[in-house]
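So the structure is just underneath, and the comments pick up after that.
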Amino acid sequence: MALAIKHSLATSLNTSHGRLRLVGILILTVFILAAIFAPLTTPYEPSARVCPSFQTPNSEHLLGCNDVGHDLFTEIVYGARVSLTIGVVVAIITTLIATIVALVSGFVGGWVDQFFMRIVDVVMAIPFLPLVIVLGVFLGAGLTTQVLVISLVMWAHPARELRSQVLAIRESGYVESSLAMGASQFTVMLRHILPEITPLIVPQFVRVAHNAILIEAALSFLGLGDPIQKSWGGILFYANARAAFLTGAWSYWVMPPGICIALVVVAFAFIGYSLGGKSGQIYYPFGSFTLKRRPSIDTGGANGRRLQIEQLTTLYSSSNETIKAVDEVNLGLHDCEIVGIVGESGSGKSTVAMSVLGLLKYPAAIASGRIYLGQVDLLDLDKPSLQQVRGKRLAFIPQSAMNTLNPVMTICDQVQEAILQQRDLNRDAAEERALKLLSMVELPDERAQAYPHELSGGMRQRVVTAIALANEPEVIIADEPTTGLDVLVQKEIIGLLIDLQRRLGISVMFITHDLPLVSSFADRMAVMYQGQIVDIDTPQQLARSADHAHTRDLFENFPRLQAPKRWQRSDANGNTMRELAPLLQLTNVSKTFHSRRRLDFKPVAPIRAVNQVSFKIFAGEVVGLIGGSGSGKTTLARLMMGLIDVDEGEISFDRREMHNLVRAERRAMLKDVHMVFQDPYQSMRNGMRVRDIVAEPLRIHGLRDAAEIEQRVTTALGEVQLPQSRQFLARRISELSGGQRQRVAFARAVVTNPRLIIADEPTSMLDVSLRMGLLQLMESLRANHNVGYLFITHDLALARHFCDRLVVLQHGTVVESGRTEQVIHQPAHPYTRALVNAVVDPAFTEPELAQQA
């Protein structure tokens, strides 16, 4: 804790935001203390006549006296009470109104959103100060009038800003997950959205407070304040009305309250600016994350390699412990070479990449080592020099293209932006270069002006590849660039990357947990385990005779499409199940999405996401739903959970049609059906503790007994093989690894004893060993509780080993279904055959994709 406080204080003092915030807090504290302890800091009552009229400042009256003999220093100190009180009260009322409007408008949407936003538009369209004056005159002078008037005109702007954040949070995985468990809109707003926007409410509160103090001063100066309780604005009003400017008293009657108003407003502004600037991740230069490095032998450069990492050690320090995320790693990258780095979650793969790129986040620190790009040690570069290298000689392809691309910029503009960062070109030349790059990554010209959300996952990955190539780098670091893509798109992206790498002579460091994929094209493969590289060789050699046991486990544990099936279930049980009524049944289900008209008023064709889909799931059965990106798999899952409505057809659970259920019946049904979402990092809010996450469905369905909740939560954690200690229950989800997060997701799923679990790509973000462990966990839950599964995946090898039946989707339509072995070994549809043929088997002799490229 002491270390964290020390770092926080040091960060505050060493950044411009931190210094401004500290200055603002100090100024505001002085005024607040003076106002609170006014009777102790002033020798007179504010209404007492204690000196001659227009007494000039002296030792007894520090700021002199006004025309009726009131001590001006006393008036200013007591005036601080009025001005600050009005500022704080107005800020509370305004922020409360703005928060409620933002929550309801942003989350409910539809006509409710339109209604509130039109009111906001009207309030913001009327000139601010005239509106305040008119309302003040209409309602009459007084403190209550000031508070009401200022609150009425100031709530609109913060409401609009907060609403924009609510709109973004509303689409988060944890919000959808809570709704899928049966939570009401009010519960979701209170439990998830409000805590997320609270850090944004605080700067809005501060900004409203300083504006309110200014407006109060203006109203009081115009005579609309309380004539009995003088504020700073009231003092200015009386000074102006009683000829302070004509008598020469302005220097001690007008200037002090004016200076006080200015100081308090500046203090609030400093605090608000510093808090408002905290959104987003700030990356620091290497110097901020480089400890005093131990002396090491200077080899004089990369020894003929493009990139050379020598004895790299990177630490993560906390108040309790220091973890070596990367432990004396040595790795070289030759000209035009592709080196794959594989390993489990937490093995240090991404930390190596971020260390090379200089994009480490606190509390990471490079303790020792050297990173050479040619003859330059990157760890010796300052921030401007590193920025010249990054993006020009050294480029990065990130994992999630959708999260990387700017949603409000066209893809052509984003490629141009990357070009102009490093090249001195005019806009026309930059656009020409951008179009050439997009053509190079095989994106059609008509897509250049598209926005990211208008592209498929594969197209977005091509865009970030074009951005990485913008300035002809020598080395590209690709961190999980194919995660979440189906096998056909993966094959396209890797083929494109290999082709570009060979044509342009680029060296590539490819980080992934997909062992068969990287084995099919990498020249060499490095295996990381507990922060160290434990094996490095050609993929063929590692597959035949790896030195380290962990490497052998990786190859042996990865499911092969043609290997004997791992989970053999009795067909007799399957026949018995089919004699019973299905647990879930879809009959001719269809869903069409209608887009709004574009700004140019051209009609947008509706999207048929699901088209006449029919299949059944029985108790204790595992049905796999497979297909490419955009085939409708997730849309079907959301239809089954009632998150979106069916256009045509019927969905029945336990012989009851879901669309006929009233809200209470649907909520009760959701106790028996639970959805596990694809991304364990998005489907659970980081600020929540493990106990609260697992207990959430119990609370949603009305359980309030704390002892019973605790008992059921610990039982659920035990079933998914997680610790049941109080320490683990109190941990925040952000402290857990990806594998632990997904197990917590399954604990949350089983805590209500469901009969059906819809698992949407539950293994796509996990490495090999964690995938198999999770599937074994799912199988034990199935065997022990007769749980049925809809297993949504694009991994055919996993689906073949785990599922009893497969349903193949293409463009929202079922093109094939049947017993797993029949679909995999005797596919009837060309699309199914293409999916099967695209699967890479780690039992190879030569790199397949590299040969094809």
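Could you tell me whether residue 421 is open to solvent by 70 Å² or more (accessible area, probe 1.4 Å), of a type in the set (S, T, N, Q) and in contact (Cβ under 8 Å) with a residue 24 or more places away in the chain? Judged against the criteria, residue 421 is a match. Just one residue in the set 86, 133, 76 is farther than 30 Å from residue 192 by Cβ, outside any loop (DSSP other than H, G, I, E, B) and in contact with a Pro (Cβ under 8 Å, 6 or more places away or on another chain); that residue is 76. Looking at 167, 179, 152, 162, just one residue is part of a helix (DSSP H, G or I) and more than 22 Å from the chain's Cα centre (by Cα), and that residue is 152. Scanning region 494-511 for residues that are in contact (Cβ under 8 Å) with a residue 12 or more places away in the chain, surrounded by fewer than 24 Cβ atoms within 10 Å (Cβ to Cβ) and not in a strand (DSSP E or B) gives 495, 496, 498, 499, 500, 501, 502, 504, 505, 506. May I ask you to verify whether residue 191 is part of a helix (DSSP H, G or I), basic (Lys, Arg), out of contact with any Phe, Trp or Tyr (no Cβ under 9 Å at 6 or more places or on another chain) and open to solvent by 30 Å² or more (accessible area, probe 1.4 Å)? Taking the combined requirement at face value, the residue satisfies it. Inspect region 231-240 for any residue being surrounded by fewer than 23 Cβ atoms within 10 Å (Cβ to Cβ), touching an Asp or Glu at 6+ places or on another chain (Cβ under 9 Å) and either closer than 30 Å to residue 637 by Cβ or aromatic (Phe, Trp, Tyr) (or both) and give the result as yes or no. Checked against the condition, which is being surrounded by fewer than 23 Cβ atoms within 10 Å (Cβ to Cβ), touching an Asp or Glu at 6+ places or on another chain (Cβ under 9 Å) and either closer than 30 Å to residue 637 by Cβ or aromatic (Phe, Trp, Tyr) (or both), region 231-240 yields at least one hit. Within region 753-769, the set of residues being modelled with pLDDT of 85 or more and open to solvent by 20 Å² or more (accessible area, probe 1.4 Å) comprises 753, 755. Filtered by the rule that a residue be open to solvent by 30 Å² or more (accessible area, probe 1.4 Å) and within 13 Å of residue 589 (Cβ to Cβ), region 645-666 gives 645, 646, 647, 648, 649, 650, 657, 659.
For (1) open to solvent by less than 30 Å² (accessible area, probe 1.4 Å); (2) of a type in the set (A, V, I, L, M); (3) within 30 Å of residue 683 (Cα to Cα), each residue gets a yes or a no:
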site: 184; (1), (2), (3): no, no, yes
site: 196; (1), (2), (3): no, no, yes
site: 209; (1), (2), (3): yes, yes, no
site: 217; (1), (2), (3): yes, yes, no
site: 227; (1), (2), (3): no, no, no
site: 250; (1), (2), (3): no, no, no
site: 256; (1), (2), (3): yes, no, no
site: 268; (1), (2), (3): yes, no, no
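Could you tell me whether any residue of region 384-406 is at pLDDT 85 or above and under 29 Å from residue 811 (Cβ atoms)? Yes, there is a match, as at least one residue in region 384-406 is at pLDDT 85 or above and under 29 Å from residue 811 (Cβ atoms).
The rows are residues; the columns are (1) closer than 30 Å to residue 206 by Cα; (2) open to solvent by 80 Å² or more (accessible area, probe 1.4 Å).
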residue: 30; (1), (2): yes, yes
residue: 34; (1), (2): yes, no
residue: 37; (1), (2): yes, yes
residue: 44; (1), (2): no, no
residue: 60; (1), (2): no, yes
residue: 65; (1), (2): no, no
residue: 74; (1), (2): yes, no
residue: 80; (1), (2): yes, no
residue: 89; (1), (2): yes, no
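Residues in region 141-186 that are of a type in the set (Gly, Ala, Ser) and free of Cβ contacts under 8 Å to residues at least 24 places away in the same chain were compared, and the one that is farthest from residue 226 (Cα to Cα) is 184.
Restricting the search to region 550-570, which residues are open to solvent by 60 Å² or more (accessible area, probe 1.4 Å), at pLDDT 80 or above and in a helix (DSSP H, G or I)? Listed by number, the residues that qualify are 552, 553. Here region 439-456 is the region considered, the condition is being outside any loop (DSSP other than H, G, I, E, B) and surrounded by fewer than 21 Cβ atoms within 10 Å (Cβ to Cβ), and the residue that is modelled with the highest pLDDT is 439.
Within the span defined as region 392-404, every residue fails to be part of a loop (DSSP other than H, G, I, E, B), farther than 30 Å from residue 532 by Cα, open to solvent by 10 Å² or more (accessible area, probe 1.4 Å) and touching a helix residue (DSSP H, G or I) at 6+ places or on another chain (Cβ under 8 Å).
Take the residues in region 770-784 that are open to solvent by 10 Å² or more (accessible area, probe 1.4 Å) and within 26 Å of the chain's Cα centre (by Cα); name whichever of them is modelled with the highest pLDDT. The qualifying residue modelled with the highest pLDDT is 771. Residues in region 646-693 that are among the β-branched types (Val, Ile, Thr) and under 32 Å from the mean Cα position of the chain (by Cα): 646, 673, 676, 690, 693.
Does residue 357 fit the bill of being more than 25 Å from residue 548 (Cβ to Cβ), at pLDDT 80 or above and open to solvent by less than 50 Å² (accessible area, probe 1.4 Å)? Taking the combined requirement at face value, the residue satisfies it. For region 251-287, filtering for residues that are in a helix (DSSP H, G or I) and either of a type outside the set (A, V, I, L, M, F, W, C) or modelled with pLDDT under 80 (or both) leaves 12.
Consider region 512-549 and keep the residues that are part of a helix (DSSP H, G or I) and open to solvent by 20 Å² or more (accessible area, probe 1.4 Å). The one that is farthest from residue 834 (Cα to Cα) is 549. Remark: pairs (first residue in region 227-246, over 24 Å from residue 35 (Cβ atoms); second residue surrounded by fewer than 24 Cβ atoms within 10 Å (Cβ to Cβ); Cβ separation under 7 Å; 6+ apart in sequence or on different chains) = 242/67.
One residue alone among 741, 712, 755 is within 22 Å of residue 671 (Cβ to Cβ), touching a residue at least 40 places away in the same chain (Cβ under 8 Å) and charged (D, E, K, R), and that residue is 755.
Only one of the listed residues (125, 98) is surrounded by fewer than 18 Cβ atoms within 10 Å (Cβ to Cβ) and either over 25 Å from the mean Cα position of the chain (by Cα) or modelled with pLDDT of 90 or more (or both). That residue is 125. Among the criteria (1) within 17 Å of residue 535 (Cβ to Cβ); (2) among the hydrophobic types (A, V, I, L, M, F, W, C); (3) crowded, with 23+ Cβ neighbours inside 10 Å, the one residue 339 does not fulfil is (3).
The values are calculated or read from the model by the stated rules, or taken from the named source; none is laboratory data. All values derive from a computational prediction rather than experimental measurement. Note that each Cβ is placed from the backbone with ideal geometry, even for glycine, and that neighbours are counted across all protein chains shown. With ligands, DNA and RNA removed, areas are computed over all heavy atoms of the protein, side chains included. Shrake-Rupley method; radii C 1.70, N 1.55, O 1.52, S 1.80 Å.
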